[in-house]
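Asker: Sharing a structure with you now.
The values are calculated or read from the model by the stated rules, or taken from the named source; none is laboratory data. Keep in mind it's a predicted model, so treat the numbers as computed, not measured. Every residue, glycine among them, receives a Cβ derived from its backbone with ideal geometry; neighbour counts consider all protein chains shown. Quick note on the areas: whole protein, heavy atoms, side chains included, nothing else; ligands and nucleic acids left out. Shrake-Rupley method; radii C 1.70, N 1.55, O 1.52, S 1.80 Å.
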Amino acid sequence: MGCAQHWEKIKVRIIRLFRKFKPALWVLAPPGQTTSCRLPGAAPKAGAPARAPHTVHRPPPARWWTGSFGLRAAALLLAAGLAVEPTPAVAETLVVGSKRFTESYILGEIVRQAALRAGERSVHRSGLGNTAIVFEAIKSGAIDIYPEYTGTLDREILGNPRSSSLVELNRQLARYGLGVGVPLGFNNTYALAVREDVAQQRGLRRISDLSHHADLRLGLSQEFLGRRDGWPGLREAYGLPFPSPRGIDHGLAYVALATGQVDVIDVYTTDAKLARYRLRLLEDDRHYFPAYEAVLVYRLDLPERFPKAWRALQSLAGTIPEPTMIRLNAEAELQGKRFTEVAAGFLDGAAAASPAGSRGLLEVLAGPDLVRLTLEHALLVFASLAVSVAIGVPLGVGANRAPRFAAVVLGAVGVIQTIPALALLAFLIAALQRIGVAPALVALVLYGLLPIVRNTYAGLQEVPPGVKQAAAALGLSEALRLRLIELPLAGRSILAGIKTSAVINVGTATIAAFIGAGGYGERIVAGLALNDRVMLLAGAIPAAAFALLVQGLFDALERRWCAWPPGSHDPGARF
């Protein structure tokens, strides 16, 4: 068989493929171009009447997910996210941090308001998580000052075997560019607590008594379980026969104890709920716990940068004795006051006010912070989503083009999805040397990759081989085939992946509050600290509503941009 015969057979095959997949090739013609929809060399059948050429209509070839628009939008939104984050470069703004429990919230707010009343700009980044996260934040300069306890500095941060003086603590902290001072006037040490009725039945007065009651159920806070001055050392010092106590959030531990789900919990000696739940504190008869005097840890350049605020903060020394701190905690936890109200009342010298009464869900839900939290949450979700799309779609395309590369990419994004959120945030804080929006955005971008990459890869895999062959027969380059044929055909799958990523990110973004990035998670974190169901719902309900709104928006986008052609779901409707 000669070359001419080979070429004739190839031409016939191409013409058949073209006729079979002609509806999918409507995207190839420029808008409004007149074409006969016939390949060169494909003559009309003998005797067939001449057919008038018709116009092929198609949408613009550059879809929203393929051009440079996605990259520009991603860069713009990421820049906006980083712009709103407080950094040391923001002049004349004192950044106060606090941990994720009631007392730390209150003390942080007292520091912020004291600086504000002294004429300095200040902001409170509240509920930043555990000791490791907050200390990393102040070392990196993300915050300037936060309330801490001498025992925590000694045992948990510096690893000292014995209690140290403030002079010694300052000497050791200087290598981090930090100082400690302003003793506030009270000692808030750790203790173990049991219900009074259980203590009487079991004859429990000291911690050492627990060694004779191995059947007791312990419910200890996650931080206490992992601290060097917490459970590991306590179990060794007392020889306690409890190998793996149950981990529980500190704010929920009191309810678990009161309802009989656990028998022993760790508490702070200034907790307001001790008297309310009639708990007995077990005596530390072997003197394991050190003194936990409340102090302020600050960056050494703070007195020079904020002289008026520093003078005001020094005046707080010795002004909060233990009974006063218990009362302030009670105002927040038992009377339902906001942390800002509690701090303002203390600074104004107000006596214990009458109970504020429980606030209704609608009142808390529509609080003055709702607009701010919504904007922060939206920024976290959409900025991270734009970057995830800009990274995930090209990765999915690459995985489709290179099978060996596919296993690596799909495996990597799958592994990222399994990393616990708090662990990833802690790693990113250490890596980026900052807290707030930046590490939160990076975490959300990483978590958003899996559905986008997988759906892009799967959508391109489902493009019929005949369509690719027909496009190649027309002489289209691989880039044009991808942009004009394959990506539009895979559009529904890609958009479904982006929609899934967006909805997941709405929920995942609530963890950003643990590192001071804002959003609806602020209410959830505060609700956990206070065991306040109303506050928890006031954060959870807007987050759920926001997820439904995002779902609806993407459903509308799918109807608008994935029609074949616009206004129709039939690829061959205009042929």
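Asker: Consider residue 429 carefully, then state whether it is at pLDDT below 85, assigned to a helix (DSSP H, G or I), buried (at least 18 other Cβ atoms within 10 Å of the Cβ) and not basic (Lys, Arg).
Answerer: For residue 429, the condition - at pLDDT below 85, assigned to a helix (DSSP H, G or I), buried (at least 18 other Cβ atoms within 10 Å of the Cβ) and not basic (Lys, Arg) - is met.
Matching residues to (1) modelled with pLDDT of 90 or more; (2) touching a strand residue (DSSP E or B) at 6+ places or on another chain (Cβ under 6 Å); (3) not polar (S, T, N, Q):
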position	(1), (2), (3)
224	no, yes, yes
242	no, yes, yes
250	no, no, yes
255	no, no, yes
260	no, no, yes
265	yes, yes, yes
293	yes, yes, yes
297	yes, yes, yes
301	yes, no, yes
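Asker: Name the residues in the range 168-190 that are under 29 Å from residue 347 (Cβ atoms) and among the hydrophobic types (A, V, I, L, M, F, W, C), would you?
Answerer: 169, 173, 178, 180, 182, 184, 186
Asker: Could you tell me which of the residues 386, 423 is in a helix (DSSP H, G or I), under 18 Å from the mean Cα position of the chain (by Cα) and within 26 Å of residue 526 (Cβ to Cβ)?
Answerer: Working: 386 fails: within 26 Å of residue 526 (Cβ to Cβ).
Answer to the check: 423.
Asker: Examine the range 315-328 for a residue that is touching a helix residue (DSSP H, G or I) at 6+ places or on another chain (Cβ under 6 Å), among the aliphatic types (A, V, I, L, M), in the same structural domain as residue 158 (by the TED database) and over 20 Å from residue 151 (Cβ atoms), and state whether such a residue exists.
Answerer: We begin by selecting, within the range 315-328, every residue touching a helix residue (DSSP H, G or I) at 6+ places or on another chain (Cβ under 6 Å); these are 328.
Pick out the ones that are also among the aliphatic types (A, V, I, L, M) and you get 328.
Subset that is in the same structural domain as residue 158 (by the TED database): 328.
If we keep only those that are over 20 Å from residue 151 (Cβ atoms) too, we end up with 328.
Yes; the residues of the range 315-328 include at least one that is touching a helix residue (DSSP H, G or I) at 6+ places or on another chain (Cβ under 6 Å), among the aliphatic types (A, V, I, L, M), in the same structural domain as residue 158 (by the TED database) and over 20 Å from residue 151 (Cβ atoms).
Asker: Then there is this: What pairs come up if the first residue lies in the range 393-422 and is in contact (Cβ under 8 Å) with a residue 60 or more places away in the chain, the second is open to solvent by 40 Å² or more (accessible area, probe 1.4 Å), and their beta carbons are under 7 Å apart, counting only those six or more places apart or on different chains?
Answerer: So the pair list comes out as 396/457; 400/457; 400/461.
Asker: Please determine, by comparing only the residues of the range 85-137 that are among the hydroxyl-bearing types (Ser, Thr, Tyr) and under 16 Å from residue 522 (Cβ atoms), which one is modelled with the lowest pLDDT.
Answerer: From the range 85-137, those among the hydroxyl-bearing types (Ser, Thr, Tyr) are 87, 93, 98, 102, 104-105, 122, 126, 131; that's our starting set.
Among the residues that remain, those that are also under 16 Å from residue 522 (Cβ atoms) are: 98, 102, 104-105, 126.
Details: 98: 92, 102: 88, 104: 93, 105: 92, 126: 85.
Across the range 85-137, the extreme among qualifying residues is 126.
Asker: Scan the range 158-169 for residues that are closer than 15 Å to residue 293 by Cα and either open to solvent by 20 Å² or more (accessible area, probe 1.4 Å) or hydroxyl-bearing (Ser, Thr, Tyr) (or both) and jot them down.
Answerer: First, pick out the residues of the range 158-169 that are closer than 15 Å to residue 293 by Cα: 162-169.
Of everything in the range 158-169, those that are closer than 15 Å to residue 293 by Cα and either open to solvent by 20 Å² or more (accessible area, probe 1.4 Å) or hydroxyl-bearing (Ser, Thr, Tyr) (or both) turn out to be 162, 163, 164, 165, 166, 167, 168.
Asker: So for the range 195-207 (the condition being assigned by the TED database to the domain that holds residue 256, touching a Phe, Trp or Tyr at 6+ places or on another chain (Cβ under 7 Å) and modelled with pLDDT under 90), does at least one residue qualify?
Answerer: No, that holds for no residue.
Asker: Does residue 404 satisfy the condition of being surrounded by fewer than 15 Cβ atoms within 10 Å (Cβ to Cβ) and of a type outside the set (A, V, I, L, M, F, W, C)?
Answerer: Details: surrounded by fewer than 15 Cβ atoms within 10 Å (Cβ to Cβ): yes; of a type outside the set (A, V, I, L, M, F, W, C): yes.
It is true that residue 404 is surrounded by fewer than 15 Cβ atoms within 10 Å (Cβ to Cβ) and of a type outside the set (A, V, I, L, M, F, W, C).
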